[in-house]
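Scroll down for the structure; my scribbles are underneath it.
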Amino acid sequence: MINDEGMLNQQYFEPPKDAISQPERKWGDEEKQKLLEGIEKYGIGHFREISDNLLPEWSGNDLRMKAIRVMGRQNLQLYKDWRGNSDAVKREYERNKDIGLRFGTWKGGALVYDDDGHVLRAIEESNLTSPP
């Protein structure tokens, strides 16, 4: 990593000449539709099954990150095992967005929790009147 002059050897960080480059993956409408099908069939939190059966080129963690954007909520724990069709997912996204905008916690396309617990209370109240 460090050459004889004490300088950083830039060649150290180059990939080996025999390294195989990975094909570039693109996330599009077809992949989103398959994720929605997986959420409906397997439920939130079962991203490994969705990956294995519907989107093998994407890891379970990749799909978890995509589901955060689709659902509009950073923490998916309250959705554990929840199953819904694309219309139900859209409703949840809008509900999360409304809560996030109300409390100023809509960040990067997802609802994030606040330290005071206002967001969690709003989610719980919303779930009482209209469960996911």
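Computed values, structure above
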| item | result |
| --- | --- |
| Total lysine pairs under 24 Å (Cα atoms) in the chain, excluding pairs fewer than 8 apart on one chain | 27 |
| Solvent-accessible surface (1.4 angstrom probe) belonging to D18, in square angstrom, nearest 10 | 130 Å² |
| Per-pair calculated FRET efficiency, R0 = 25 Å: R25 and K97 via Cβ, rounded to 0.05 | 0.40 |
| Gyration tensor (alpha-carbon) shape descriptor, the chain, a/c threshold 1.5 | oblate |
| Mean separation of Cα contacts under 8 Å, 6 or more apart, over the residue count of the range 21-132: relative contact order % | 22 percent |
| Potential extension, K107-F13 segment - 0.36 nm per residue separation minus Cα distance | 30.4 nm |
| In nm, spacing of pseudo-spin labels at K34 and K90 (7 Å Cα→C-beta vector) | 2.3 nm |
| J(HN,Hα) series, the range 105-114, from Karplus relation 6.51 cos²θ - 1.76 cosθ + 1.60, nearest Hz, glycine and proline x | 10, 8, 10, x, x, 8, 6, 10, 7, 9 |
| Candidate residues R102, R95, R64, R69: accessible-area rank, largest first, probe 1.4 Å | R102, R69, R64, R95 |
| Neighbour-limited loop hits for chymotrypsin sites (Phe, Trp or Tyr not before Pro), the range 26-98 (at most 11 other Cβ within 10 Å; DSSP other than H, G, I, E, B) | none |
| Estimated dipole of the range 1-96 in Debye, rounded to 20 [Cβ of Lys and Arg +1, of Asp and Glu -1, Cα centre] | 660 debye |
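The values are calculated or read from the model by the stated rules, or taken from the named source; none is laboratory data. No experiment lies behind these values; they were computed from the predicted model shown. Neighbour counts run over all protein chains shown; Cβ positions are idealised from the backbone, glycine included. When the accessible area is computed, the model is the full protein with side chains, heavy atoms only, and any ligands, DNA or RNA have been set aside. Shrake-Rupley method; radii C 1.70, N 1.55, O 1.52, S 1.80 Å.
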